[in-house]
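Only the coordinates and a few stated rules stand behind these numbers; no lab work does. Note that the structure is predicted; figures quoted are calculated from it, not measured. Cβ placement follows ideal geometry from the backbone for every residue including glycine, while neighbour counts extend to all protein chains displayed.
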Amino acid sequence: AKSGKKPIKYPLPELEPILKETYGVIVYQEQVLEIARKVAGFSLGEADILRRAMGKKKPEEMDRMKAKFLDGARKNGYSTADGIRIFELLIPFAGYGFNKSHAAAYSVLAYRTAYLKANYPAEFMAANLTNEISNTDKMAGYIGEISEMGLEILPPDINLSEKHFSVADGKIFYGLLGIKNLGTAAAEEISLERKRNGSYKDLVQFLERVELKTVNRKVVETLIYSGAFDSLKENRATLFNNLDKVLDMVNIVKENRKYGQESLFDKEEELSIVKLEKYEEWPSRERLQHEKEILGFFFSGHPLDRYRDLINEHVRLDLSQLEKARDGRKYTLIGMLKELKEIITRSGKRMAFAELEDYRGSIELIFFPDIYEAQRQLIVKDTIVAVSGRVDKSRGDAKLKVETIGKPAELKAPEPREVHVRLSSELASEDNLLPIRDYMIERVGKCAVYFHLVKEEEEVIIKASNQISVSGDDQVLKGVMEYPLVEAVWKE
């Protein structure tokens, strides 16, 4: 309507002066007040009471205001049908409406935010991470988004990291305060000492330079687990297993200096004689687990990395958007079992609940007695499994009732059950779909067909007739894609 491609439609012709600037759509609170005054003859005070009643959604108050609105509409010459239609049109507004000044302010804020994200993406995401530096769930989400944006975020580093997340040359540097057990005083001590006297050369020199009352053993252990010493070339297992020995030596040297005791060596040589005993690096699984304990999420890698191709092939449910999961639908998931809890049912049988975690989020799994007894050897905490089952939303949050469980490598190539076709908004008539229907009828298969189209700015999904079941073969989908008005085709 704004660009003149469609006519502006008003609920009533008399409402054009009120709704013209928003192209016939109720957007602002002021418009609700004006419509109530125009249609029902409300005073501004009465109109505001109506607005508040709609916002609070109290049935008794709504019924009282509706009767008053319809009575006023009739007195102003409107039919009961028009009065009901206008009143019902106002109700959904309470869920999203702002007054005009607030809407303008939020629009400016949204524009500035979008501008910063588009033109200064690294700085924008670094600021978001710093703002949520104590919320590991939100940080994990931002780090995933950073990866999707094609930006680089470097791991914690005692020679690069500042107190907060920072940016240099388009790269995001991990903030020291994003590491658990590392407080503000320790982060500032590490950063300030580096700025005063240059980069740290190794673990021994680091401990010699910083104030050990602030950067204590627990802090240093945390830094090792997080990978903050990785750039110094010694592996984490070597640093961890030598930490006590190095700390003892550094404390002795510092104590000697404090009381003016002389040494056979000068200040530089004094600690250079400390040799680290070499250890084989921890296995990847153990290293990543330490990392997760300290950062709150996997950073330098993920135990699921080796299964990435299988995940892309089999998994169709995003665990960060469980609200989009279809109740009762069967899904296959690959992830790590966490928080395993076994219970005894009233009939004396064992069953279990567990949390399955993948790259994006987690979901609660329910193992009923039959599956739990049959596959208990596979249901072990911190193991990676493939599960299939149906989503249950009967109690609010989505859960998965597990029907099968196994090793990811044992998964068979999934057979598609549905073919989805997204249509252009320019679709004028169902007759335009007849060529696509005829094409599909000639290519019979086991996949139900769903059409996606946009109506009044909302996506509508329409299931095709049960008489149409098409093959999920890639060549068939490619053929559908060649038809006009088809924007996308995929199988699930």
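I need TYR111, TYR78 ordered by Cβ neighbour count within 10 Å, fewest first.
Numbers: TYR111 10, TYR78 20.
Placing the least packed residue first, the sequence is TYR111, TYR78.
Fewest first, what order do LYS292, LYS349 take by the number of other Cβ atoms within 10 Å?
LYS349, LYS292
Per-residue ellipticity at 222 nm for the chain, helices alone: DSSP H runs ≥ 4 residues times -39500 (n - 2.57), over residue total, nearest 500 deg cm²/dmol?
Roughly -12500 deg cm²/dmol at 222 nm, from the helical runs in the chain.
Between the range 207-246 and the range 64-128, how many Å separate their Cα centres?
55 Å
For the chain, how big is the tail of P(r) above 32 Å, as a whole percent of Cα pairs?
65 percent
Residue by residue, what Karplus-based ³J(HN,Hα) values in Hz, rounded to whole numbers, does the range 463-473 have, using 6.51, -1.76 and 1.60 with θ = phi - 60° and x for Gly and Pro?
Karplus values, whole Hz, x for Gly and Pro: 7, 6, 3, 4, 6, 9, 10, 10, 6, x, 4.
Which order do TYR106, TYR28 fall in if you start with the one that has the fewest other Cβ atoms within 10 Å?
Ascending Cβ contact count within 10 Å gives the list TYR106, TYR28.
Tell me, what HN-Hα J-couplings in whole Hz come from the Karplus equation 6.51 cos²θ - 1.76 cosθ + 1.60 at θ = phi - 60° for each residue of the range 393-404, using x for Gly and Pro?
10, 5, 10, x, 5, 5, 10, 10, 7, 6, 10, 9
Kindly provide the chymotrypsin sites (Phe, Trp or Tyr not before Pro) of the range 176-227 that DSSP labels as loop, not H, G, I, E or B, and whose Cβ sees at most 13 other Cβ atoms within 10 Å.
none
Toward the positive end of the charge dipole of the range 120-284, about the Cα centre and with charges on Cβ (Lys, Arg +1; Asp, Glu -1), which of PHE240, GLY144, TYR174 goes farthest?
Result: PHE240.
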